[in-house]
Ligand SMILES: Nc1ncnc2c1ncn2[C@@H]1O[C@H](COP(=O)(O)OP(=O)(O)OP(=O)(O)O)[C@@H](O)[C@H]1O
Ligand SMILES: [Mg+2]
């Protein structure tokens, strides 16, 4: 298998500190969109900076396409790595117009460069803006110039560090899908950093979850959401209910009665139950509960339920029935639950 990028046992330790990046191994396939997701200070930016060549790894190896660009004895500087970078603050040159910004990294003959800039202006939908200055553009337009500039020299891999976080919510969704469509069209291999889990789940082919410098799980958005490697990942990505239970093989006894498990397990466990895995209704099947609060979102409702013993559960349900505060309902588990050992750092086997 040929990869666009391979990082092996990548570690970066700044002076005297615990490692900012700790033994990270990653593989990125051609045209893949990989997201590094994790809490603030976890080492995401440091990982990108190592891949781009702005930092030297303390140990480990980086290979881009077929070339080793960093290991114990070799170090290729950023400008020779064929890596494009898009930053949170766009980092456009303020005194150069849009076309000049896009042409910045081009090394070819003048007419070739002009043709390339035209292509990129069309690609990012900014042809009429070629001679505007950066301060005459909206945030979303500036971000598209930054993207065009990074793509202009045809990098083997594009690195994007929180590229949407300076945009307000409405624009953000628009720029996000624009950028995704441009990367799909150009079949660009990209590594994208965010601490926004919705952004990661919706955009990525694969997500690499990083906590405290360590890679905790790499998987598709679907697998990360439905089979989080541990309780920490389950809590970080999406909403989760946790219930203590006593497991015996493929079932467990819990406050929701006897429930099915996804994996065989025995003894004390905590069940992880996504809000949409719970079914709520007014018939007499299931565990009695009271609706404590309701949020209506048009295409679904989010309910806070309390069981008789005070246990609280969050449920996402459809809008075919309208629930109200104080409703007496019944709740059942519609899907098998994931069971983790009670210690919160348990890893799913
Ligand atoms: N140049 C530096 N010198 C010393 N320590 C640094 C340096 N850059 C980052 N660090 C430390 O390394 C750790 C990881 O930082 P990094 O910027 O990679 O996190 P991040 O995941 O990108 O966080 P955020 O989501 O807030 O951007 C942090 O503890 C940070 O303080
Ligand atoms: Mg960062």
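Quick note: the coordinates plus some simple rules give every number you see, no bench work behind them. What you are looking at is a predicted structure, and each value in this text was computed from that prediction instead of being measured. Glycine gets a Cβ as well: all are built from the backbone with ideal geometry, and neighbour counts include every protein chain shown.
Our note on the geometry: Cα centres of segment 92-138 and segment 247-289, 57 Å apart. Counting neighbouring beta carbons within 10 Å and listing from fewest to most, the residues 254, 138, 202 come out as 138, 202, 254.
For segment 5-235, what is the percent of antiparallel DSSP beta bridges, rounded to the nearest 5? Working shown, then result.
Working: 19 of 36 bridges.
Roughly 55 percent of the DSSP beta bridges within segment 5-235 come out antiparallel.
Taking Cα atoms only, the orientation of helix 110-123 departs from the longest principal axis of the chain by about 20 degrees.
When each of the peptides 319-327, 64-72, 265-273 is scored by how many other beta carbons lie within 10 Å of its residues on average, the order from highest to lowest is 265-273, 64-72, 319-327. The modelled label-to-label distance for the pair residue 107/residue 138, using points 7 Å beyond Cα in the direction of Cβ, is 3.7 nm. When peptides 208-219, 297-308 are sorted by average Cβ neighbour count within 10 Å, with the highest value leading, the order is 208-219, 297-308.
What is the list of residues in segment 314-346 whose amide nitrogen lies under 19 Å from a point 7 angstrom out from the Cα of residue 260, following Cα to Cβ? So the set is 331-340.
Once the Cβ-Cβ distance of residue 290 and residue 56 is raised to the sixth power relative to R0 = 51 Å, the FRET efficiency obtained is 0.30. When each of the peptides 27-39, 177-189 is scored by how many other beta carbons lie within 10 Å of its residues on average, the order from highest to lowest is 27-39, 177-189.
Per DSSP H run of at least 4 residues, take -39500 (n - 2.57); add these up for the chain, divide by its residues and hand me the 222 nm value, nearest 500 deg cm²/dmol.
It lands at -6500 deg cm²/dmol.
In terms of other Cβ atoms within 10 Å, 107, 74, 132, 274 run from fewest to most in the order 107, 74, 132, 274.
Relative to the longest principal axis of the C-alpha atoms of the chain, give the angle of the C-alpha long axis of helix 139-151, reported between 0 and 90° and rounded to the nearest 10°. Relative to the chain, helix 139-151 is tipped by roughly 60 degrees.
Taking 22 Å as R0, compute the FRET efficiency from the Cβ-Cβ separation of residue 73 and residue 15 and round it to 0.05.
Numbers: r = 22 Å, r/R0 = 1.01.
Taking R0 as 22 Å, the efficiency between residue 73 and residue 15 is 0.50.
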